[in-house]
Number of protein chains: 2
Amino acid sequence: MDPLIIKILVLIGGVLALAFVGYLVRSILRESEGTAKMKEISLAIRQGAMAFLRREFLTLAIFTVVVFIVLAVFIEPRPFVAVAYLCGTVTSALAGWLGMNIATKANVRTAHAAINSWAKGLKIAFSSGAVMGFCVVGLGLLGLSIIAFIWEDSHVWLGFAFGASSVALFLRAGGGIFTKSADVGADLVGKVEHGIPEDDPRNPAVIADNVGDNVGDVAGMGSDLYESYVSAIAASMVLGVIALDASTGMLMPLALAAVGIVVSIIGALSVRPKEMKDADFEKQVAKAHATMNTGVYVSNILMIIASFFVIRAFTDKLDLFWALIAGLIAGFLIAQATEYFTSAEKGPTKKIAKSAESGAAVCIIEGLATGMMSTVIPVLLVAIATVLAYIFGGLLGIAIAAMGMLINLGMLLAMDCYGPIADNSAGIAEMAKLGKEVRERCEALDAVGNTTAALGKGFAIASAALASLAWLATYFEVADIDIASLTNVGVIAGVLIGGMLTFVFSALAMRGVSDGAFAIVNEVRRQFREIKGLMEGDANPDYVSCVDIATSRALRAMLLPGILVIAVPLILGFTLGPESVAGLLVGALLTGFLLAVMMANAGGAWDNAKKYIEAGACGGKGCDAHKASIVGDTVGDPFKDTAGPSLNILIKLVGKVAVIFGPVFIMVIEL
Amino acid sequence: MDPLIIKILVLIGGVLALAFVGYLVRSILRESEGTAKMKEISLAIRQGAMAFLRREFLTLAIFTVVVFIVLAVFIEPRPFVAVAYLCGTVTSALAGWLGMNIATKANVRTAHAAINSWAKGLKIAFSSGAVMGFCVVGLGLLGLSIIAFIWEDSHVWLGFAFGASSVALFLRAGGGIFTKSADVGADLVGKVEHGIPEDDPRNPAVIADNVGDNVGDVAGMGSDLYESYVSAIAASMVLGVIALDASTGMLMPLALAAVGIVVSIIGALSVRPKEMKDADFEKQVAKAHATMNTGVYVSNILMIIASFFVIRAFTDKLDLFWALIAGLIAGFLIAQATEYFTSAEKGPTKKIAKSAESGAAVCIIEGLATGMMSTVIPVLLVAIATVLAYIFGGLLGIAIAAMGMLINLGMLLAMDCYGPIADNSAGIAEMAKLGKEVRERCEALDAVGNTTAALGKGFAIASAALASLAWLATYFEVADIDIASLTNVGVIAGVLIGGMLTFVFSALAMRGVSDGAFAIVNEVRRQFREIKGLMEGDANPDYVSCVDIATSRALRAMLLPGILVIAVPLILGFTLGPESVAGLLVGALLTGFLLAVMMANAGGAWDNAKKYIEAGACGGKGCDAHKASIVGDTVGDPFKDTAGPSLNILIKLVGKVAVIFGPVFIMVIEL
């Protein structure tokens, strides 16, 4: 086919995603926001979330300008890499902003719809999740393809991906610290000290907690996967240009992504929840889950068929198709394993609940052991997928395998972002006192979100591991490294330092949460002490101050990790040389991947063990085992929602720093 | 010098160590065991410890026979490697058995001596620690040198080191699971449920707890460092033969070790505690600490001077001396960093204590973050030492750097093993009701042990990391690998699987503890329920059943980890090839090292944070912060005494499996 026609089709794919977003937004905004109280709460959440994002973007702007200047001065082709970097940051930020904006409007509409219809609530929350999903793929594909069509130079493409990464780090880690500081802080004083329920409007941190769901789980998750998506496509393009011819190498990944958007739209449209009268909680959850799974299966099957034809059309053979399938199957199986280790119905979580009977310490030990054990399947599957993808398609095969996991991201992300929106709607139903029945419906919606989250996390982690392997491969090409042997002590030193970097990064993220939570606890205690009539419901708490505290803490806590991730590869590259940086990437990938899986699964398992006990097991709510399980759940919070997911970005971002600065390392070494 | 004379001098060094052991044993046994009650308690501990060791050796014997047959059939030169392997296991087991036997006799004598004299108590406990220390270096050096003088074939030497490793794995990990199952189990029912003090004779698990100190901390620690010691010397010999000439390469490491024994004896003899009348607790601890530090400084300085001359005499230059110094300084600084992160007087531990005010969960998060943060200095120092050692002496330099940390092991280990003996004496003083003053003296002795333990752990971890790097280097030589490049997907798969192996291993070790503790809890509860008059002190508990349960649980829990450590490198070697195994070693080294440091330091910091609160900080004993800190301490127990130290052995043992079977991988691949 004529390359020009392919280019046009690719652009149409991107535009289609954004048009679908427009359609979804219209349908969401058409719904009612409900009572004045509901509007008020929703507005407070939106204002808090937007205020956070504004301040985060401000910090990010300073960071971006500095990096922009460095790139414009040092990195060839000047200043196009810098320009592409800027485009990457702007589109990524835009996707996060748009998606979150709609999410904060959809939450109240979901709650209002749930007053009458459970199915309609599901529909609105899912549509809002899809807004995020298709913003990400639409802006990602359009941005990358326009850059690629203007500058047919792989260094420039890498600049765009680098831009996406740096935004993701701030949004994911910063948002993660915000959301868990607020969550842990709100729980520690509200639930534990004052014995008031979750989402009680008397709790001054309750708005901050709901803001956190949006900035951490919607904007953070969106920018995380924007990053993975752009990374996987860009790495495929760079390696494709080397392995195939220039035109095919560039266009095939973009064409696959465009096709992925079409099948994702079909998948999303096939999610059609039906009203269930008189169904109980369990059945509603199962039904909602099945409804969304339909969308995933439809888009997956269509995608396999479509990519078969696309790859054959471009390459005349199926090698890369098998690489893509290897990635897809690995991602799917890893998601299943994640569900096994974290589901309340399965053995590991039940064992943690049981261990809570011996106290908090044993519950923590058991949860950590479960998290560590749960690394086996993901690691083996990634190792197998990598070896197979390499056999089928060389280094390009690895990048294509990563694409296999991410190609129908629009649909996957819709499911992922559905969760926090449903969670928010349950919060609004509680705060606006909509009554037990509505609250229960919203909680059923929320419960589905917790299950779909496992799927999303599995894919996010697995795709991050494969994407960073693809970036390692890209680094070898860009920095012209044929051999980075473990017999070289510089490489070994790099491996050690890379591994250490992820430990330090995790420590800083977790400490950010515990410091932030501590500050929130003090503020909430102060308000309960100083604002008269607060506990009795006669006076309103000062929600804004809690949001402010969480915001400034999160941004401050982000600074050092952000600098480290960029500085360490550079320092190593300029001192021990480019091979040592390859060691760093592998060290960071290994420990980052292991810790991310461990933390996500331990956190998820603790969370569900607590819910399992609350549902009546091991003594039920209020018993000692329940208290022990709350300790587990609280430890799990920064694990699964802050440090764990941030590591996904870390391991890809170090790869990008290496790739962008790789040519400079060589120049300096040669001097 | 004539090689024959050097050989004779080396053998004399080994014999000297054993003669010194004889002298120490005589001086210990000359002391009185005290009252009938004390004898009875001491006997119960000794019988329990010996029973554990007997059953462990039985399991080990089966394992050893299987490995012996495999080596005798497959590994050249047949059957000498197998014979050397057998010698390695027997000497290692013998060192553990002898040292522990004396330790279980010294504990009661320490307690008795403390009735009259604090200094004499210190002397006895330290002498008993020295028995372990010099058993290890004496048997290690004699065994290795006799093997080396009979068979001047490096493959045979490796067999001896492999034997030492497999015993170490069982003793360290099995002992670690035993000791923490008993400790956690005893505390959970005794302290928490029944509110009786630690070491109360009414607690049925109290003897098992004291047995645990001996099997885990004495025998386990001893076999761990026997393994490191033999590893470092053997690796230096193998790499020395390649880098230097055959005679120098073999004899110089042995000569260094022999000199190390002499300086260690001088160091140990210079530990001369003086009686302090009317000194308070703090001063006694500071004094005891200073007394033992004198010994370390004396032996270190003498060792630096002596090794200067030894290395110059053998090689005519000082390159390897600098490599040795790099290792020694790195080890020393890592020990300082360990102390900083775990000492109750320093910031990190105080911060953990402070965080306990916000509850158990925040205390756990803070402790984990501290542990992760504490990896920075050890990793950087090991990386720097490795690079420097390589610059000075190539691959041999790395092995020599590892020797630098271990050469005066006799002295270091004396300090290390002193701790659990003092701990035991405090337990005996409590159980035999020797009165408050004696108990306090014994506790002062115990407190010193906790401080010296930090030093020992720092050295154990750092030397394990360097020793496994030395074994990686040996593997490259033995398996004839010039390049194991990260551009090779097989290597990457190996790295991933190696990292996963350490996570699985840690999970199994921790789960072994939580399962074991659970079984002990049930047994103790059963006895309190069924034995009438137990709580009132009218009836005796059944101590033996608790020891039996801990023993069988520990041995059962050891099985899978033991098999995995041997099977995984073999499977990888036969499928993905020898380069992939190099990746496995690096992956295991990286994550094993990081996790070991993190676990040791988090565990130590939690322990001391609890003690800091008990000393009156943050609300003092009994407040909520104290309860939270107990959760931290209990989570830290399997971290610092089971999983953490076992990882040291894991990372060295996989290296040895690789080295022993390396030649076979190549044969199979070539077929």
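The values are calculated or read from the model by the stated rules, or taken from the named source; none is laboratory data. Source: prediction; values computed, not measured. Neighbour counts run over all protein chains shown; Cβ positions are idealised from the backbone, glycine included.
Some points to look at:
- Within the stretch B:307-332, restricting attention to residues that are buried (at least 17 other Cβ atoms within 10 Å of the Cβ) and more than 15 Å from residue B:401 (Cβ to Cβ), the residue that is nearest to the chain's Cα centre (by Cα) is B:310.
- Checking A:190, A:195 one by one, the residue that is out of contact with any helix residue (DSSP H, G or I) (no Cβ under 9 Å at 6 or more places or on another chain) and farther than 30 Å from residue A:135 by Cβ is A:195 and no other.
- Of the listed requirements (1) of a type outside the set (Lys, Arg); (2) within 14 Å of another protein chain (Cβ to nearest Cβ); (3) more than 30 Å from residue A:14 (Cα to Cα), residue A:339 misses just one: (2).
- Residue within the stretch B:624-631 that is assigned to a loop (DSSP other than H, G, I, E, B) and either touching a residue at least 60 places away in the same chain (Cβ under 8 Å) or closer than 30 Å to residue B:480 by Cβ (or both) present: no
- Test: residue in the stretch B:409-423 that is on the phi < 0 side of the Ramachandran plot, at pLDDT below 95, within 11 Å of chain A (Cβ to nearest Cβ) and touching an Asp or Glu at 6+ places or on another chain (Cβ under 8 Å): no
- Taken together, the residues in the stretch A:6-27 that are loosely packed, with under 15 Cβ neighbours inside 10 Å and touching a Ser or Thr at 6+ places or on another chain (Cβ under 7 Å) amount to 1.
- The listed residue being within 11 Å of chain A (Cβ to nearest Cβ), under 30 Å from residue B:337 (Cα atoms), of a type outside the set (S, T, N, Q) and in contact with a Gly (Cβ under 7 Å, 6 or more places away or on another chain), out of B:576, B:590, B:572: B:590
- Qualifying residue in the stretch A:40-56 (condition: closer than 21 Å to residue A:546 by Cα, over 28 Å from the mean Cα position of the chain (by Cα) and part of a helix (DSSP H, G or I)): yes
Residue by residue, here is whether (1) surrounded by 24 or more Cβ atoms within 10 Å (Cβ to Cβ); (2) over 30 Å from residue B:159 (Cβ atoms); (3) free of Cβ contacts under 8 Å to residues at least 12 places away in the same chain holds:
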{"site": "B:205", "(1), (2), (3)": "yes, yes, no"}
{"site": "B:213", "(1), (2), (3)": "yes, yes, no"}
{"site": "B:222", "(1), (2), (3)": "yes, no, no"}
{"site": "B:239", "(1), (2), (3)": "yes, no, no"}
{"site": "B:270", "(1), (2), (3)": "no, yes, no"}
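- Any hit, the stretch A:333-351, residues being part of a helix (DSSP H, G or I), farther than 19 Å from residue A:449 by Cα and under 23 Å from the mean Cα position of the chain (by Cα): yes
- One residue from B:445, B:472 being within 14 Å of chain A (Cβ to nearest Cβ), buried (at least 24 other Cβ atoms within 10 Å of the Cβ) and on the phi < 0 side of the Ramachandran plot: B:472
- Residue in the stretch B:475-491 that is within 14 Å of chain A (Cβ to nearest Cβ), part of a helix (DSSP H, G or I) and without any contact (Cβ under 8 Å) to a residue 12 or more places away in the chain present: yes
- Against the test of being over 30 Å from residue A:238 (Cα atoms), touching a residue at least 40 places away in the same chain (Cβ under 8 Å) and of a type in the set (Asp, Glu), the options A:357, A:345 yield a single qualifying residue, A:357.
Per-residue answers, yes or no, for (1) under 25 Å from residue A:239 (Cα atoms); (2) buried (at least 24 other Cβ atoms within 10 Å of the Cβ); (3) without any contact (Cβ under 8 Å) to a residue 12 or more places away in the chain:
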{"position": "A:601", "(1), (2), (3)": "no, yes, no"}
{"position": "A:606", "(1), (2), (3)": "no, yes, no"}
{"position": "A:612", "(1), (2), (3)": "no, no, no"}
{"position": "A:621", "(1), (2), (3)": "no, no, yes"}
{"position": "A:638", "(1), (2), (3)": "no, yes, no"}
{"position": "A:648", "(1), (2), (3)": "yes, yes, no"}
{"position": "A:652", "(1), (2), (3)": "yes, yes, no"}
{"position": "A:656", "(1), (2), (3)": "yes, yes, no"}
{"position": "A:671", "(1), (2), (3)": "no, no, yes"}
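- Options B:193, B:227; residue that is surrounded by fewer than 24 Cβ atoms within 10 Å (Cβ to Cβ) and either assigned to a helix (DSSP H, G or I) or more than 14 Å from chain A (Cβ to nearest Cβ) (or both): B:193
- If you filter the stretch B:384-394 down to residues that are surrounded by fewer than 24 Cβ atoms within 10 Å (Cβ to Cβ) and closer than 13 Å to residue B:473 by Cβ, you find that the one that is farthest from the other protein chains (Cβ to nearest Cβ) is B:394.
- Selection from the stretch A:499-513 of residues that are closer than 13 Å to residue A:592 by Cβ and more than 8 Å from chain B (Cβ to nearest Cβ): A:501, A:502, A:505, A:509
- For the stretch B:367-382, a residue qualifies if it is facing chain A (nearest Cβ under 9 Å) and surrounded by 24 or more Cβ atoms within 10 Å (Cβ to Cβ), and the qualifying residues are B:368, B:369, B:370, B:371, B:372, B:374, B:375, B:378, B:379, B:382.
- Unmet requirement for residue B:437, which otherwise passes all of (1) free of Cβ contacts under 8 Å to residues at least 12 places away in the same chain; (2) in contact with a Ser or Thr (Cβ under 7 Å, 6 or more places away or on another chain); (3) more than 14 Å from chain A (Cβ to nearest Cβ): (2)
- Criterion (aliphatic (A, V, I, L, M), assigned to a helix (DSSP H, G or I), more than 24 Å from residue B:488 (Cα to Cα) and away from chain B (no Cβ under 14 Å)) met by exactly one of A:550, A:539, A:517: A:550
- Within the stretch A:491-519, tally of residues that are among the aromatic types (Phe, Trp, Tyr) and crowded, with 24+ Cβ neighbours inside 10 Å: 2
- Residue check, residue A:464 touching a residue at least 24 places away in the same chain (Cβ under 8 Å), under 29 Å from residue B:479 (Cα atoms) and of a type in the set (A, V, I, L, M): no
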